[in-house]
Amino acid sequence: MRVILSTAASSEEAKKIARHLVRERLAACVNIVPKITSIYEWKGKIVEDSEALLIIKAADFAKVEEAIKKLHSYEVPEIISFEIDEGSREYLEWMEAVLLQ
């Protein structure tokens with residue numbers, strides 16, 4: 001099991017991606033943090049944007065990455081993954097039941 005982080009240009013885009021991931025059983029759950037500020041360099045300029053953060057609980061990084069890239073408006077969307085080393089046994093069992101059916 002893993003947590004995958006991604007950002008989206010708006011809450012609406014984040015919800016579209018989240019619904020798809022859950023509907024297709026690519027994610028057990030997606031939390032959306034609606035208003036974050038991101039500061040980064042893009043094409044030689046410092047950019048400051050308001051974005052939505054997706055916190056995706058999933059099993060298969062490659063499938064989630066593929067889905068996000070198809071649905072996302074960004075040329076290079078943020079998609080980073082962390083393996084879950086430890087967690088509530090009941091929660092991880094629920095994730096497995098949802099994702100590995």
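Values as computed for the structure displayed
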quantity: When residues of the stretch 58-101 are limited to those that are acidic (Asp, Glu) and in a helix (DSSP H, G or I), the one surrounded by the most Cβ atoms within 10 Å (Cβ to Cβ); calculated: GLU65
quantity: Search result, residues across the stretch 18-53 that are of a type in the set (D, E, K, R) and either over 23 Å from LEU99 (Cβ atoms) or in contact with a Leu (Cβ under 8 Å, 6 or more places away or on another chain) (or both); calculated: ARG25, LYS35, GLU41, LYS43, LYS45, GLU48, ASP49, GLU51
quantity: Within the stretch 30-57, tally of residues that are free of Cβ contacts under 8 Å to residues at least 40 places away in the same chain and either under 12 Å from the mean Cα position of the chain (by Cα) or surrounded by 15 or more Cβ atoms within 10 Å (Cβ to Cβ) (or both); calculated: 4
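No value in this document is a laboratory result; all are computed from the given coordinates. From a predicted model like this one, the values you see are computed outputs, not experimental measurements. Cβ: placed from backbone, ideal geometry, glycine included. Neighbour counts: every protein chain shown.
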